[in-house]
Amino acid sequence: MKLNEQEMVRVSKELFTDGLPLASEVYTRLPSGQFILVGRKDDKSNLSALHLMKDDQSELYVSSEDYSKVVKHNVSLIEKTLKNESVSPLLKMNLLKGVAESAMSDIVKKEVFVGSYERCKQVVSFVQESVAQLKNFEKFIDVFSKMPGDQVSHSLATSIVSLMICERMDITMKSTIEKIVMGAFLHDIGLKEIPRELLEKPRLQWTEEELHYYESHTLRGVEILRDIKEIPSDVLSIVLEHHENALGLGYPRRIRDIKINPLARIVAVAECFVELIYDSNKENIRRTPEEAISYIENVMGQPFNKPAFLALKNVIHTTHMQKKLRAVG
(Lines give C-alpha, C1' and ligand atoms only; values in the text may rest on other atoms or scores of the structure.)
Protein backbone atom coordinates (compact mmCIF):
# COMPACT_ATOMS: atom_id res chain seq x y z
CA MET A 1 0.00 0.00 0.00
CA LYS A 2 1.47 3.34 -1.03
CA LEU A 3 1.36 6.04 1.65
CA ASN A 4 1.28 9.78 1.03
CA GLU A 5 2.38 12.62 3.31
CA GLN A 6 -1.18 13.74 4.05
CA GLU A 7 -1.86 10.37 5.70
CA MET A 8 1.21 10.56 7.96
CA VAL A 9 2.19 12.43 11.15
CA ARG A 10 5.82 13.11 11.99
CA VAL A 11 6.65 12.01 15.55
CA SER A 12 9.53 12.21 18.02
CA LYS A 13 12.02 9.37 18.48
CA GLU A 14 11.44 9.75 22.23
CA LEU A 15 7.90 8.38 21.79
CA PHE A 16 9.36 4.89 21.35
CA THR A 17 11.25 3.21 24.20
CA ASP A 18 13.48 0.27 23.30
CA GLY A 19 12.21 -3.06 24.62
CA LEU A 20 8.58 -1.93 24.91
CA PRO A 21 5.80 -2.87 22.45
CA LEU A 22 4.99 -0.43 19.66
CA ALA A 23 1.45 0.97 19.72
CA SER A 24 1.29 1.15 15.91
CA GLU A 25 3.27 0.65 12.74
CA VAL A 26 6.21 3.07 12.52
CA TYR A 27 7.68 4.37 9.28
CA THR A 28 10.58 6.44 8.07
CA ARG A 29 10.76 8.45 4.88
CA LEU A 30 13.44 7.98 2.26
CA PRO A 31 15.02 10.94 0.42
CA SER A 32 12.81 9.95 -2.52
CA GLY A 33 9.73 10.69 -0.39
CA GLN A 34 8.70 7.04 -0.12
CA PHE A 35 7.64 5.74 3.33
CA ILE A 36 9.04 2.40 4.51
CA LEU A 37 8.01 0.34 7.52
CA VAL A 38 10.63 0.15 10.32
CA GLY A 39 8.51 -1.21 13.19
CA ARG A 40 5.37 -3.32 13.41
CA LYS A 41 2.57 -2.87 15.91
CA ASP A 42 3.05 -4.93 19.13
CA ASP A 43 6.66 -5.77 18.26
CA LYS A 44 9.20 -4.68 20.86
CA SER A 45 10.79 -1.40 19.85
CA ASN A 46 14.36 -1.62 18.63
CA LEU A 47 14.34 1.58 16.60
CA SER A 48 17.42 3.14 18.18
CA ALA A 49 19.52 0.19 16.94
CA LEU A 50 18.60 0.86 13.31
CA HIS A 51 21.39 2.36 11.25
CA LEU A 52 19.11 5.10 9.96
CA MET A 53 18.48 6.30 13.55
CA LYS A 54 22.17 7.23 13.88
CA ASP A 55 21.45 10.13 11.55
CA ASP A 56 20.11 13.15 13.46
CA GLN A 57 18.14 14.12 10.35
CA SER A 58 16.20 10.85 10.26
CA GLU A 59 12.44 11.12 10.52
CA LEU A 60 9.83 8.81 12.03
CA TYR A 61 6.16 8.76 11.10
CA VAL A 62 2.92 7.05 12.10
CA SER A 63 -0.34 7.13 10.19
CA SER A 64 -2.82 9.87 11.04
CA GLU A 65 -5.27 7.15 11.97
CA ASP A 66 -2.86 5.65 14.55
CA TYR A 67 -1.48 8.92 15.92
CA SER A 68 -3.93 9.31 18.84
CA LYS A 69 -3.29 5.68 19.89
CA VAL A 70 0.45 6.32 19.99
CA VAL A 71 0.02 9.43 22.14
CA LYS A 72 -2.37 7.69 24.56
CA HIS A 73 -0.01 4.74 24.79
CA ASN A 74 2.89 7.02 25.66
CA VAL A 75 0.88 8.99 28.21
CA SER A 76 -0.09 5.70 29.86
CA LEU A 77 3.56 4.63 29.77
CA ILE A 78 4.81 7.84 31.33
CA GLU A 79 2.17 7.63 34.06
CA LYS A 80 3.48 4.18 35.02
CA THR A 81 7.15 5.02 34.57
CA LEU A 82 7.07 8.22 36.63
CA LYS A 83 5.78 6.17 39.55
CA ASN A 84 8.51 3.55 39.21
CA GLU A 85 11.27 4.40 41.68
CA SER A 86 13.77 2.13 39.90
CA VAL A 87 13.66 4.23 36.72
CA SER A 88 16.33 6.94 36.54
CA PRO A 89 15.37 10.65 36.52
CA LEU A 90 17.15 10.97 33.13
CA LEU A 91 14.90 8.35 31.52
CA LYS A 92 11.85 9.97 33.10
CA MET A 93 12.87 13.31 31.62
CA ASN A 94 13.34 11.72 28.20
CA LEU A 95 9.84 10.29 28.42
CA LEU A 96 8.51 13.71 29.44
CA LYS A 97 10.23 15.14 26.39
CA GLY A 98 8.58 12.51 24.20
CA VAL A 99 5.12 13.38 25.54
CA ALA A 100 5.92 17.09 25.19
CA GLU A 101 6.79 16.55 21.53
CA SER A 102 3.59 14.58 21.01
CA ALA A 103 1.63 17.41 22.67
CA MET A 104 3.30 19.88 20.30
CA SER A 105 2.52 17.65 17.31
CA ASP A 106 -1.09 17.41 18.45
CA ILE A 107 -1.32 21.20 18.70
CA VAL A 108 0.05 21.50 15.18
CA LYS A 109 -2.38 18.84 13.98
CA LYS A 110 -5.28 20.75 15.56
CA GLU A 111 -4.05 23.76 13.57
CA VAL A 112 -3.46 25.92 16.63
CA PHE A 113 0.08 26.63 15.46
CA VAL A 114 1.79 26.64 12.08
CA GLY A 115 5.55 26.33 12.01
CA SER A 116 8.43 24.16 10.91
CA TYR A 117 9.17 20.90 12.68
CA GLU A 118 12.46 22.40 13.91
CA ARG A 119 10.54 25.33 15.42
CA CYS A 120 8.25 22.86 17.20
CA LYS A 121 11.31 21.10 18.63
CA GLN A 122 12.66 24.43 19.89
CA VAL A 123 9.41 25.08 21.74
CA VAL A 124 9.48 21.63 23.33
CA SER A 125 13.14 21.95 24.26
CA PHE A 126 12.40 25.20 26.06
CA VAL A 127 9.67 23.48 28.08
CA GLN A 128 12.06 20.64 28.90
CA GLU A 129 14.90 22.99 29.87
CA SER A 130 12.60 25.03 32.12
CA VAL A 131 11.76 21.91 34.11
CA ALA A 132 15.25 20.37 34.05
CA GLN A 133 16.84 23.45 35.63
CA LEU A 134 15.37 22.50 39.02
CA LYS A 135 18.17 21.39 41.34
CA ASN A 136 15.75 19.17 43.21
CA PHE A 137 14.58 17.52 40.00
CA GLU A 138 13.95 14.11 41.60
CA LYS A 139 11.59 15.72 44.12
CA PHE A 140 9.77 17.46 41.27
CA ILE A 141 9.41 14.19 39.34
CA ASP A 142 8.11 12.49 42.47
CA VAL A 143 5.44 15.18 42.86
CA PHE A 144 4.52 15.23 39.17
CA SER A 145 4.31 11.44 38.96
CA LYS A 146 1.19 11.41 41.10
CA MET A 147 -0.86 13.27 38.49
CA PRO A 148 -3.29 11.35 36.25
CA GLY A 149 -1.77 10.59 32.84
CA ASP A 150 -4.23 12.70 30.86
CA GLN A 151 -3.36 15.69 33.04
CA VAL A 152 0.28 15.33 31.95
CA SER A 153 -0.72 15.98 28.33
CA HIS A 154 -3.05 18.81 29.36
CA SER A 155 -0.28 20.50 31.36
CA LEU A 156 2.22 20.22 28.52
CA ALA A 157 -0.26 21.61 25.99
CA THR A 158 -1.02 24.52 28.34
CA SER A 159 2.72 25.24 28.60
CA ILE A 160 3.09 25.32 24.83
CA VAL A 161 0.05 27.57 24.27
CA SER A 162 1.26 29.89 27.06
CA LEU A 163 4.60 30.14 25.28
CA MET A 164 2.86 31.07 22.02
CA ILE A 165 0.96 33.84 23.84
CA CYS A 166 4.24 35.15 25.31
CA GLU A 167 5.82 35.32 21.87
CA ARG A 168 2.83 37.24 20.48
CA MET A 169 2.95 39.66 23.45
CA ASP A 170 6.69 40.24 22.83
CA ILE A 171 7.61 38.87 26.24
CA THR A 172 11.26 38.07 25.68
CA MET A 173 12.96 37.94 29.08
CA LYS A 174 14.08 34.31 29.47
CA SER A 175 13.53 34.19 33.25
CA THR A 176 9.94 35.43 32.86
CA ILE A 177 9.12 32.96 30.09
CA GLU A 178 10.62 30.11 32.13
CA LYS A 179 8.33 30.98 35.05
CA ILE A 180 5.27 31.04 32.80
CA VAL A 181 6.16 27.73 31.17
CA MET A 182 6.89 26.06 34.50
CA GLY A 183 3.74 27.50 36.09
CA ALA A 184 1.64 26.25 33.17
CA PHE A 185 3.33 22.85 33.43
CA LEU A 186 2.49 22.64 37.15
CA HIS A 187 -0.81 24.52 37.22
CA ASP A 188 -2.99 21.47 37.95
CA ILE A 189 -0.60 19.62 40.26
CA GLY A 190 -3.20 19.91 43.05
CA LEU A 191 -5.52 17.60 41.11
CA LYS A 192 -3.47 14.66 42.32
CA GLU A 193 -5.29 15.04 45.64
CA ILE A 194 -8.76 15.08 44.05
CA PRO A 195 -10.37 11.60 43.81
CA ARG A 196 -10.34 10.18 40.30
CA GLU A 197 -14.04 9.32 40.50
CA LEU A 198 -14.85 13.01 40.99
CA LEU A 199 -12.63 14.08 38.07
CA GLU A 200 -14.35 11.56 35.80
CA LYS A 201 -17.85 12.53 36.90
CA PRO A 202 -19.63 14.98 34.51
CA ARG A 203 -19.42 18.47 35.99
CA LEU A 204 -23.12 19.08 35.52
CA GLN A 205 -23.70 16.30 38.06
CA TRP A 206 -21.42 17.73 40.76
CA THR A 207 -22.98 18.75 44.04
CA GLU A 208 -22.08 22.14 45.50
CA GLU A 209 -19.83 20.37 48.00
CA GLU A 210 -18.04 18.48 45.21
CA LEU A 211 -17.56 21.73 43.28
CA HIS A 212 -15.90 23.41 46.28
CA TYR A 213 -13.73 20.34 46.82
CA TYR A 214 -12.58 20.42 43.20
CA GLU A 215 -11.86 24.16 43.38
CA SER A 216 -9.55 23.50 46.32
CA HIS A 217 -6.99 21.99 43.90
CA THR A 218 -5.39 25.41 43.40
CA LEU A 219 -4.62 25.78 47.11
CA ARG A 220 -3.58 22.14 47.35
CA GLY A 221 -1.16 22.67 44.46
CA VAL A 222 0.59 25.52 46.25
CA GLU A 223 0.95 23.43 49.40
CA ILE A 224 2.44 20.54 47.43
CA LEU A 225 5.03 22.77 45.73
CA ARG A 226 6.16 24.68 48.80
CA ASP A 227 8.52 21.78 49.59
CA ILE A 228 10.51 22.39 46.39
CA LYS A 229 12.69 25.37 47.28
CA GLU A 230 13.67 26.27 43.72
CA ILE A 231 10.06 26.91 42.68
CA PRO A 232 9.79 30.73 42.23
CA SER A 233 7.00 32.62 43.98
CA ASP A 234 5.58 33.66 40.58
CA VAL A 235 5.11 29.97 39.72
CA LEU A 236 3.24 29.43 42.98
CA SER A 237 1.03 32.41 42.07
CA ILE A 238 0.25 30.84 38.69
CA VAL A 239 -0.75 27.58 40.39
CA LEU A 240 -2.94 29.49 42.85
CA GLU A 241 -4.54 31.94 40.41
CA HIS A 242 -4.91 30.13 37.07
CA HIS A 243 -8.70 29.92 37.57
CA GLU A 244 -9.13 33.58 38.52
CA ASN A 245 -10.46 35.95 35.87
CA ALA A 246 -10.63 39.64 35.04
CA LEU A 247 -14.26 39.93 36.18
CA GLY A 248 -13.56 38.62 39.67
CA LEU A 249 -15.74 35.55 39.09
CA GLY A 250 -13.00 32.94 39.31
CA TYR A 251 -11.55 31.06 42.27
CA PRO A 252 -10.21 30.59 44.90
CA ARG A 253 -10.16 34.29 45.89
CA ARG A 254 -12.53 35.91 43.36
CA ILE A 255 -9.97 38.64 42.61
CA ARG A 256 -10.14 40.97 39.58
CA ASP A 257 -7.63 41.38 36.77
CA ILE A 258 -5.58 44.12 38.41
CA LYS A 259 -4.84 41.89 41.44
CA ILE A 260 -4.07 38.71 39.48
CA ASN A 261 -0.38 37.92 38.99
CA PRO A 262 0.53 39.09 35.43
CA LEU A 263 1.98 35.66 34.58
CA ALA A 264 -1.12 33.87 35.89
CA ARG A 265 -3.28 35.98 33.53
CA ILE A 266 -1.52 34.36 30.56
CA VAL A 267 -1.78 30.81 31.86
CA ALA A 268 -5.47 31.30 32.72
CA VAL A 269 -6.28 32.05 29.06
CA ALA A 270 -4.10 29.20 27.78
CA GLU A 271 -5.59 26.68 30.23
CA CYS A 272 -9.17 27.53 29.29
CA PHE A 273 -8.37 27.37 25.56
CA VAL A 274 -6.66 23.98 25.88
CA GLU A 275 -9.59 22.59 27.83
CA LEU A 276 -12.02 23.76 25.15
CA ILE A 277 -10.13 22.16 22.24
CA TYR A 278 -9.36 18.90 24.03
CA ASP A 279 -12.50 18.23 26.09
CA SER A 280 -15.76 17.20 24.47
CA ASN A 281 -18.76 19.51 24.92
CA LYS A 282 -22.33 18.44 25.61
CA GLU A 283 -22.68 17.26 22.00
CA ASN A 284 -19.51 15.17 22.49
CA ILE A 285 -17.72 17.27 19.87
CA ARG A 286 -14.27 18.79 20.37
CA ARG A 287 -14.08 22.43 19.34
CA THR A 288 -11.74 23.72 16.67
CA PRO A 289 -9.37 26.53 17.70
CA GLU A 290 -11.60 29.10 15.98
CA GLU A 291 -14.68 27.70 17.77
CA ALA A 292 -12.87 27.82 21.11
CA ILE A 293 -11.98 31.51 20.61
CA SER A 294 -15.58 32.26 19.64
CA TYR A 295 -16.86 30.38 22.69
CA ILE A 296 -14.63 32.40 25.04
CA GLU A 297 -15.80 35.66 23.43
CA ASN A 298 -19.48 35.04 22.85
CA VAL A 299 -20.53 32.47 25.44
CA MET A 300 -18.16 33.14 28.32
CA GLY A 301 -18.15 36.89 27.71
CA GLN A 302 -14.33 37.04 27.39
CA PRO A 303 -13.57 37.10 31.14
CA PHE A 304 -9.77 37.07 30.75
CA ASN A 305 -7.00 39.64 30.62
CA LYS A 306 -7.53 41.49 27.31
CA PRO A 307 -3.90 41.66 26.05
CA ALA A 308 -3.37 37.96 26.80
CA PHE A 309 -6.60 36.93 25.09
CA LEU A 310 -5.92 39.14 22.04
CA ALA A 311 -2.46 37.59 21.74
CA LEU A 312 -3.98 34.10 21.67
CA LYS A 313 -6.66 35.23 19.24
CA ASN A 314 -3.97 36.63 16.93
CA VAL A 315 -2.04 33.34 17.07
CA ILE A 316 -5.18 31.45 16.00
CA HIS A 317 -6.10 34.06 13.36
CA THR A 318 -2.60 33.95 11.84
CA THR A 319 -2.67 30.16 11.74
CA HIS A 320 -6.14 30.21 10.15
CA MET A 321 -4.99 32.66 7.46
CA GLN A 322 -1.84 30.65 6.72
CA LYS A 323 -3.99 27.55 6.38
CA LYS A 324 -6.22 29.33 3.85
CA LEU A 325 -3.23 30.57 1.88
CA ARG A 326 -1.78 27.07 1.77
CA ALA A 327 -5.09 25.72 0.47
CA VAL A 328 -5.22 28.38 -2.26
CA GLY A 329 -1.56 27.78 -3.17
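The values are calculated or read from the model by the stated rules, or taken from the named source; none is laboratory data. This structure is a prediction, so every number in the text was calculated from the model and none was measured.
Numbers for the structure displayed
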quantity	calculated
Subset tally (residues that are part of a helix (DSSP H, G or I) and of a type in the set (Phe, Trp, Tyr)) for segment 199-211	0
Subset tally (residues that are under 18 Å from residue 228 (Cα atoms) and part of a helix (DSSP H, G or I)) for segment 176-198	14
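Results for (1) among the β-branched types (Val, Ile, Thr); (2) in a loop (DSSP other than H, G, I, E, B); (3) within 15 Å of residue 189 (Cα to Cα); (4) in the same structural domain as residue 260 (by TED's automatic domain parsing), shown as yes or no for each residue.
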site	(1), (2), (3), (4)
213	no, no, yes, yes
220	no, no, yes, yes
224	yes, no, yes, yes
227	no, yes, yes, yes
230	no, yes, no, yes
235	yes, no, yes, yes
239	yes, no, yes, yes
245	no, yes, no, yes
248	no, yes, no, yes
